[in-house]
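What follows is a set of notes on a single structure, which appears directly below.
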């Protein structure tokens, strides 16, 4: 059969055009989202993030998939990870909440010493501060997806605290502004150190101790170089997972809903998984606990009251948030931290 060039062009069009359309449809219907992330690969917090990404990929039949980009985080006074998502250089960022804007209420409240000492209290504080947080994030082209809580923070030291300890000579690693001020008010010398620099700082003698959780220091093996642990339960820092708002709004409705549904699920289980991991590390490290001297506890309480009082005096919103927090604890039968009885919320 002889085919004219016109017929050949028609046959090619019939065969190729659907193929081109299917390629375009596949490209448009499949979206890769880039996540900027700074935590080490084997951490519980990284695994919680992967639960979210795996579930979104599953529920969208891989029409949304993720690439986790490891990025070294810049802690207070600013977080590069939040800026990456805000400007759209990445789609999603996971960063330390108190590093975003340490002077703003919803971010700094979560780092106040002794205000939230266990997971129930920390979850309550998150519930109360979330509306403030979402408003500020929205103004910065970001939307909240979920929290990843860290366990209660204690103090790890190379040498034990004694009555003869000269605190000023002890350099303590801190990770945010309030931690810096707290450590300084106690009498230590605070040193801001990134996560990826802690090992080097310990080995070189740049730090003699650190604020940190049992989970963090057990997983990194720092308990060998900083063997004296004081379980102060100062605060429960939170990482927050946010998404660029404009990128989210460009997604089809069903994909937006898949992200929101899985974010809500991840937020729910992240608290439970972190609490379970903290209990596990408590059992492992319990024999290594040190009892803080009474003089040190008195210094710590005095420093915390000073910091909280200064924080409340900064603006009316701060004191209002703590009032709401105390009321929430009472209404939900959650034990309140003792520090709330030592500060004036009138």
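Evaluate the distance, in nm, between pseudo-label points positioned 7 Å from the Cα of residue 302 and of residue 345 along their respective Cα→Cβ axes.
For the pair residue 302/residue 345, the computed spacing is 2.6 nm.
May I ask you to derive the relative contact order of the chain, considering only C-alpha pairs under 8 Å and at least 6 residues apart, and to give it as an integer percent?
Result for the chain is 22 percent.
Output the 0 to 90 degree angle, nearest 10, between the alpha-carbon long axis of helix 5-29 and the longest principal axis computed from the alpha carbons of the chain.
Tilt relative to the chain: about 10 degrees.
Residue separation times 0.36 nm, minus the C-alpha to C-alpha distance between residue 184 and residue 323: what's the value?
Gain on stretching residue 184 to residue 323: 47.3 nm.
Work out how much length residue 338 to residue 269 would gain on full extension: take 0.36 nm times their residue separation and subtract the Cα-Cα distance, in nm to one decimal.
That works out to 22.1 nm of additional length.
I need to check one value: relative contact order of region 123-224, counting alpha carbon pairs closer than 8 Å and at least 6 residues apart, in percent.
30
Given a cut-off of under 8 Å on Cα pairs at least six residues apart, what relative contact order in percent is computed for region 165-220?
Value for region 165-220: 39 percent.
What Kirkwood hydrodynamic radius, in Å, does region 241-346 give when the mean of 1/r is taken over all pairs of distinct Cα atoms and then inverted?
Hydrodynamic radius (Kirkwood, Cα only) of region 241-346 equals 18.3 Å.
Any idea what Rg and Dmax come out to for region 160-249 if you just take the C-alpha atoms, in Å?
15.5, 59
Between residue 40 and residue 295, what is 0.36 nm times their sequence separation minus the Cα-Cα distance? Round to one decimal in nm.
Full extension from residue 40 to residue 295 adds 88.2 nm.
Return the percentage of antiparallel bridges among DSSP beta bridges fully within the chain, rounded to the nearest 5 %.
55
Taking the Cα of residue 194, stepping 7 Å toward and past its beta carbon, and measuring to each backbone N in region 35-68: which are under 20 Å?
35-43, 45-46, 68
Would you list the P(r) distribution for region 165-311, with all Cα-Cα distances sorted into 10 Å bins from 0 and each bin expressed as a whole %?
That works out to 9, 31, 31, 17, 10, 2, 0, in percent per bin.
Relative to the longest principal axis of the C-alpha atoms of the chain, give the angle of the C-alpha long axis of helix 177-186, reported between 0 and 90° and rounded to the nearest 10°.
10
Taking the Cα atoms only, what angle lies between the long axis of helix 316-331 and the longest principal axis of the chain, rounded to 10 degrees?
Helix 316-331 sits at roughly 90 degrees to that axis.
Can you work out the FRET efficiency for the pair residue 127 and residue 282, with r the C-beta to C-beta distance and R0 = 22 Å, to the nearest 0.05?
The value I calculate is 0.30.
Find the Rg to Rh ratio for region 91-178, where Rh is the Kirkwood radius over alpha-carbon pairs and Rg uses the same atoms.
Result: Rg/Rh = 1.06.
Using only the Cα atoms, what convex hull volume per residue in Å³ does the chain have?
Looking at the chain, the number lands at 167 Å³ per residue.
Given region 172-212, report the % of alpha carbon pairs whose separation exceeds 17 Å.
21
Here, each number is a calculation from the coordinates, and none is a lab measurement. Bear in mind the structure is a predicted one, so any value in this text is a computation, not a measurement. Heads up, the Cβs are rebuilt from the backbone with ideal geometry, glycines too, and the neighbour counts pull from every protein chain shown.
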